[in-house]
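Visitor: Have a look at this one before I ask anything.
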Amino acid sequence: MKYEKIRKQVLDAILEAVEQGLIKGTSGNIALRDDEDDVVAITPSGIPYKGMTVEDIAIVDLNGKWLEGNYKPSSEVPMHTAVLRARPDVRATVHTHAMYATIMAMGDDAELKPITPPQCEFVPVGIVPFTMPGSDEVADKVVEALGENGRAVLIKNHGMFCCGKNMKAAMAATEYTEEMALTTIYAKLLGTYEPMPEEGVKKMKELIAADQAV
Ligand SMILES: [Zn+2]
């Protein structure tokens with residue numbers, strides 16, 4: 001089977017996201033770019049993830065044209081391929097409707113700030129106003145909100161979109177963005193909300209960047 005390696009990684013990641021409760025039903029989608037060819041493995045549209053096989057993961061080109069797979073690719077292909085085209089440093093992309101990120105994405109004060117040091121890697125988290133799912137418009141807005149270095153954005157009345165240099169990094173962005181949203185919401189409810197000081201965030205980001213450069 002063609003592109004088995006990237007298809008397997010996408011399948012493992014989506015099952016992991018389901019296991020963690022980041023994805024429910026057939027919502028959410030995950031993509032991974034091949035290291036050699038300009039193709040992308042992506043979850044299929046409208047098929048339950050439990051019981052899914054490697055052959056069910058679709059292969060598309062960088063413009064989203066369906067090349068391989070038992071089922072047609074996710075309707076959010078434009079969002080994933082637009083980010084992969086715009087950001088050569090990004091190989092993996094993860095879109096979920098994870099509950100706490102989705103709740104945060106509704107507010108006018110949706111800005112997520114790190115509460116704990118590991119979350120610093122993923123800020124600033126961009127905000128995308130509501131646009132129709134699956135549209136080129138939402139794809140363009142996600143690319144714009146991520147900018148040159150962004151790892152995570154919230155999409156109003158929809159969910160979040162995260163990316164990374166590999167699947168592990170994109171999944172970490174998703175997990176920590178959801179954690180940041182959860183801790184922010186509970187702390188605000190308790191009246192104890194006090195994000196990390198900006199100087200601390202800046203230093204943590206420098207440490208993380210230096211570590212990743214090694
Ligand atoms: Zn969605």
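Visitor: Run residue 55 past the list (1) crowded, with 16+ Cβ neighbours inside 10 Å; (2) closer than 17 Å to residue 13 by Cβ; (3) modelled with pLDDT of 95 or more and report the number of the one that doesn't hold.
Guide: (1)
Visitor: For the stretch 148-172, which residues satisfy the criterion of being within 23 Å of residue 16 (Cα to Cα) and touching a Phe, Trp or Tyr at 6+ places or on another chain (Cβ under 6 Å)?
Guide: Scanning the stretch 148-172 gives 151, 152, 153.
Visitor: For the stretch 1-41, enumerate the residues that are open to solvent by 10 Å² or more (accessible area, probe 1.4 Å), of a type in the set (Lys, Arg) and modelled with pLDDT of 95 or more.
Guide: The answer is 5, 8, 33.
Visitor: Among the residues of the stretch 197-209, count how many are under 23 Å from the mean Cα position of the chain (by Cα) and open to solvent by less than 70 Å² (accessible area, probe 1.4 Å).
Guide: 4
Visitor: Residues in the stretch 27-35: is at least one of a type outside the set (Ser, Thr, Tyr), within 23 Å of residue 179 (Cα to Cα) and in a loop (DSSP other than H, G, I, E, B)?
Guide: Within the stretch 27-35, one or more residues are of a type outside the set (Ser, Thr, Tyr), within 23 Å of residue 179 (Cα to Cα) and in a loop (DSSP other than H, G, I, E, B).
Visitor: Please give the strands (runs of 3 or more DSSP E) falling wholly within the stretch 70-188 in which 1 or more residues are within 16 Å of the ligand (Cβ to nearest atom) and open to solvent by 70 Å² or more (accessible area, probe 1.4 Å).
Guide: Where strands (runs of 3 or more DSSP E) fall fully within the stretch 70-188 and carry at least 1 residues being within 16 Å of the ligand (Cβ to nearest atom) and open to solvent by 70 Å² or more (accessible area, probe 1.4 Å), they are 126-128.
Visitor: Limited to the stretch 173-193, what total is found for residues that are out of contact with any Phe, Trp or Tyr (no Cβ under 6 Å at 6 or more places or on another chain) and either free of Cβ contacts under 8 Å to residues at least 12 places away in the same chain or among the aromatic types (Phe, Trp, Tyr) (or both)?
Guide: Final tally of qualifying residues: 7.
Visitor: Any residue at all in the stretch 13-25 that's within 18 Å of residue 62 (Cβ to Cβ) and within 15 Å of the ligand (Cβ to nearest atom)?
Guide: Scanning the stretch 13-25, I find no residue that is within 18 Å of residue 62 (Cβ to Cβ) and within 15 Å of the ligand (Cβ to nearest atom), so the answer is no.
The values are calculated or read from the model by the stated rules, or taken from the named source; none is laboratory data. The shown structure was predicted, so the numbers you read here are calculated from the model rather than taken from an experiment. Positions of Cβ are generated from backbone atoms using ideal geometry, with glycine treated the same way; all protein chains shown enter the neighbour counts. In case anyone asks, the SASA skips ligands and DNA or RNA and just uses the protein heavy atoms, side chains included. Shrake-Rupley method; radii C 1.70, N 1.55, O 1.52, S 1.80 Å.
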